[in-house]
Amino acid sequence: MNTAVRAVAGEIFAIPLFVSDLHVLTPFAPDAFRDAEGSFAYCRVIEDRLDEGLLIEIFEITGGLDIDLREVIASERLFRPMITAGLGIMCNRWLSLGIQTNFDPELDSEYSQNQLLIGPETAPRIWQGGKETPVDPHLSVDVDDWRVYFADDVERRINRELVAA
């Protein structure tokens, strides 16, 4: 994980939905998408987990770079929060649109309810809002695995979800 990538909790990024076929380390000029005709999805950083990546949520609304951040924040999630490596930010692939004023991870993103499954199959744990709880390995749980997604993985997942919706 690149420890140079930092984001602020509440920061909102525009994710281009038309570059997922480009290599994740493809660098972009900071203004590369300013005149782009393609559609963007939006994510909000819930927590910068430092070397573990960024906990983000993706909103179901899509649009351009001139979108009102209040529209983004009012939108529903497209899917449950996930961890990303931050390479999209580092390479100027994802553009910061601003920071939600007075962002509260619990009130705005239900931080204590966010869950991810971690650990080996023989001793799984559920990470929920910063706390880990052991889980019976014989029980089936409806929780996404703790996996660090690269920017192109996130973009492809968004595109799949939007097509399915």
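The values are calculated or read from the model by the stated rules, or taken from the named source; none is laboratory data. Predicted, not measured: the structure shown is a model, and the values here were computed from it. Virtual Cβ from ideal backbone geometry, glycine too; neighbours counted across all protein chains shown.
Before moving on, here are some points about what is shown:
- Count of residues meeting criterion [part of a strand (DSSP E or B), of a type outside the set (S, T, N, Q), exposed (fewer than 12 other Cβ atoms within 10 Å of the Cβ) and free of Cβ contacts under 8 Å to residues at least 24 places away in the same chain] in the stretch 116-151: 2
- Among the criteria (1) surrounded by 15 or more Cβ atoms within 10 Å (Cβ to Cβ); (2) under 11 Å from the mean Cα position of the chain (by Cα), the one F79 does not fulfil is (1).
- Index of the failed condition, G64 passing every other in (1) buried (at least 20 other Cβ atoms within 10 Å of the Cβ); (2) on the phi < 0 side of the Ramachandran plot; (3) not hydroxyl-bearing (S, T, Y): (1)
- Within the stretch 17-47, the set of residues being part of a loop (DSSP other than H, G, I, E, B), surrounded by 15 or more Cβ atoms within 10 Å (Cβ to Cβ) and acidic (D, E) is empty.
- Residue in the stretch 139-147 that is at pLDDT below 95 and under 23 Å from T26 (Cβ atoms) present: yes
Every residue, every condition in (1) within 19 Å of Y149 (Cα to Cα); (2) at pLDDT below 95, yes or no:
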{"site": "V8", "(1), (2)": "yes, yes"}
{"site": "A29", "(1), (2)": "no, yes"}
{"site": "Y42", "(1), (2)": "yes, no"}
{"site": "L50", "(1), (2)": "yes, yes"}
{"site": "G64", "(1), (2)": "no, yes"}
{"site": "L69", "(1), (2)": "no, no"}
{"site": "S75", "(1), (2)": "no, no"}
{"site": "G86", "(1), (2)": "yes, yes"}
